[in-house]
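Q: Please see the structure below; I have some questions.
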Amino acid sequence: MNIGQLIINSLVFSAVGIAVLFVAYFIIEKITPENTWKKITQENNTAVALVFAALIIGISMIISAAIHG
């Protein structure tokens with residue numbers, strides 16, 4: 001494989017991973033009873049922010065493992 005193909009593959013898989021991460025976040029946002037984005041940004045709820053940070057890191061690790069193979 002040449003370097004151009006490797007760069008294209010990296011960009012495509014990065015875009016797919018980010019898109020899947022956003023979809024997963026919006027699914028979690030819809031199934032939670034509260035508006036978590038409002039709680040994090042407007043009410044400065046650190047506990048909710050930490051839980052969602054852990055959730056995003058966990059989902060990112062799963063997506064990374066799935067893409068890497």
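Q: Normalised radius of gyration for the chain, please: alpha carbon Rg relative to 2.2 N^0.38 Å, two decimal places.
A: 1.41
Q: Give a quick list of GluC sites (Glu not before Pro) in the chain that DSSP marks as loop, anything other than H, G, I, E or B, with at most 12 other Cβ atoms within 10 Å.
A: E34, E43
Q: Output the 0 to 90 degree angle, nearest 10, between the alpha-carbon long axis of helix 3-31 and the longest principal axis computed from the alpha carbons of the chain.
A: Helix 3-31 and the main axis of the chain meet at about 20 degrees.
Q: Let me ask another. Which of L55, L11, L21 moves the most in a Gaussian network model of the chain with Cα springs under 10 Å?
A: Of L55, L11, L21, the Gaussian network model singles out L11 as fluctuating most.
Q: Turning to a different aspect of this structure: Over the chain, what percent of the accessible surface lies on carbon and sulfur atoms, probe 1.4 Å?
A: Of all accessible area on the chain, carbon and sulfur atoms account for 73 percent.
Q: Further question on the same structure: Hey, what did the chain get for relative contact order, percent, Cα under 8 Å, at least 6 apart?
A: For the chain, the relative contact order is 41 percent.
The values are calculated or read from the model by the stated rules, or taken from the named source; none is laboratory data. On a predicted model such as this, the values are computed, not experimentally measured, just so you know. Cβ coordinates were reconstructed from backbone atoms using ideal geometry, including for glycine residues, and neighbour counts include every protein chain displayed. SASA here: full protein model, heavy atoms, side chains in, ligands and nucleic acids out. Shrake-Rupley method; radii C 1.70, N 1.55, O 1.52, S 1.80 Å.
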